[in-house]
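The next block holds one structure in the form of structure tokens; read it before the comments.
The values are calculated or read from the model by the stated rules, or taken from the named source; none is laboratory data. Source: prediction; values computed, not measured. Don't worry about glycine lacking a Cβ; one is built from the backbone with ideal geometry, like all the others, and counts go over all protein chains shown. Remember, those area values only see protein heavy atoms, side chains included, never the ligands or the DNA or RNA. Shrake-Rupley method; radii C 1.70, N 1.55, O 1.52, S 1.80 Å.
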Amino acid sequence: DAAFATLDKTLYIVGSSKSDAVLSFDIPNGNKMDVTTPTGNPPQYDLKGALMVPVGRYLIFIGGKLENKRYGLVRAYDTVKCWWFVIFVAPDGETTTMFDGKIDPNGMFMLPRTYDGSLIYRPMKREVIGFLGQPIVTPPVLNVIELGDALAYLNITGDMKDMLYLQ
């Protein structure tokens with residue numbers, strides 16, 4: 001029930017564990033598994049069936065089944081810095097309202113937890129789409145999260161830091 005995604009010939013595995021480690025498996029070599037203890041704001045690692053998809057150098061992480069927790073934050077994992085962070089999500093007011101989620105004590109909008117589904121990333125529209133999975137809703141819905149502004153900010157920040165460290 002661990003979340004997994006492939007990025008640049010590496011399989012990343014997160015969750016359904018008693019450890020806060022991120023496992024990475026080098027697919028071409030086939031015999032090397034790295035165990036990384038990340039920094040930042042990670043998801044709870046006992047989550048089961050969470051959804052994860054690669055977006056650039058990041059892994060977007062959504063949902064997961066967790067006892068007595070109906071809502072969760074959208075997180076991303078930077079595969080270069082080995083760092084977890086929360087992606088701020090706001091309802092658009094048309095397809096999603098504040099009543100569809102919950103606000104955490106820090107003022108962050110949390111989405112209803114979904115698990116055992118699928119995520120895809122549409123690069124031309126810079127959006128992540130979640131579908132199927134649990135809990136089952138009739139009719140089935142597509143959950144769309146637009147990442148355009150967030151990705152632009154992350155990429156510009158990374159570019160500026162890289163420029164400062166060039167010698």
Of the conditions (1) assigned to a loop (DSSP other than H, G, I, E, B); (2) in contact (Cβ under 8 Å) with a residue 40 or more places away in the chain, V86 satisfies every one except a single condition; which number is it? (1)
Against the conditions (1) at pLDDT below 95; (2) closer than 26 Å to D149 by Cβ; (3) open to solvent by 20 Å² or more (accessible area, probe 1.4 Å), where does G101 fall short? Just the number, please. (3)
Hits in segment 108-142 (condition: free of Cβ contacts under 8 Å to residues at least 40 places away in the same chain, surrounded by 15 or more Cβ atoms within 10 Å (Cβ to Cβ) and either in contact with a Leu (Cβ under 8 Å, 6 or more places away or on another chain) or not in a strand (DSSP E or B) (or both)): M108, M110, R126, E127, I129, F131
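I'm trying to understand the selection: among the residues of segment 11-24, which are of a type outside the set (G, A, S), in a strand (DSSP E or B) and either closer than 18 Å to F85 by Cα or open to solvent by less than 30 Å² (accessible area, probe 1.4 Å) (or both)?
If we filter segment 11-24 for residues that are of a type outside the set (G, A, S), which is where we start, we get 11-14, 18, 20, 22-23.
Checking which are in a strand (DSSP E or B) leaves us with 11-14, 22-23.
Selection gives Y12, I13, V14, V22, L23.
Considering only segment 25-64, give the strands (runs of 3 or more DSSP E) lying wholly within it that have at least 1 residues that are open to solvent by less than 20 Å² (accessible area, probe 1.4 Å) and within 21 Å of M110 (Cβ to Cβ).
Working: elements: 33-36, 51-55, 58-62.
Filter on segment 25-64 gives 51-55, 58-62.
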Show the residue pairs that are 6+ apart or on different chains and have beta-carbon atoms under 6 Å apart, the first residue being within segment 38-57 and within 18 Å of K69 (Cβ to Cβ), the second being assigned to a loop (DSSP other than H, G, I, E, B) and among the polar types (S, T, N, Q). Y45/S17; K48/S16
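Counting only residues that are small (G, A, S) and without any contact (Cβ under 8 Å) to a residue 60 or more places away in the chain, which one in segment 143-157 is most open to solvent (accessible area, probe 1.4 Å)?
Of all residues in segment 143-157, those small (G, A, S) come to 148, 150, 152.
Now restrict to residues that are without any contact (Cβ under 8 Å) to a residue 60 or more places away in the chain: 148, 152.
On the way: G148: 21, A152: 39 Å².
Among them, the one singled out is A152.
Limited to segment 158-167, what total is found for residues that are open to solvent by 40 Å² or more (accessible area, probe 1.4 Å) and either touching a residue at least 24 places away in the same chain (Cβ under 8 Å) or under 21 Å from L7 (Cβ atoms) (or both)? I'd like the intermediate steps shown before the answer.
Of all residues in segment 158-167, those open to solvent by 40 Å² or more (accessible area, probe 1.4 Å) come to 159-167.
After this cut, where a residue has to be either touching a residue at least 24 places away in the same chain (Cβ under 8 Å) or under 21 Å from L7 (Cβ atoms) (or both) as well, the list is 159, 161-162.
Residues flagged as open to solvent by 40 Å² or more (accessible area, probe 1.4 Å) and either touching a residue at least 24 places away in the same chain (Cβ under 8 Å) or under 21 Å from L7 (Cβ atoms) (or both) within segment 158-167 amount to 3.
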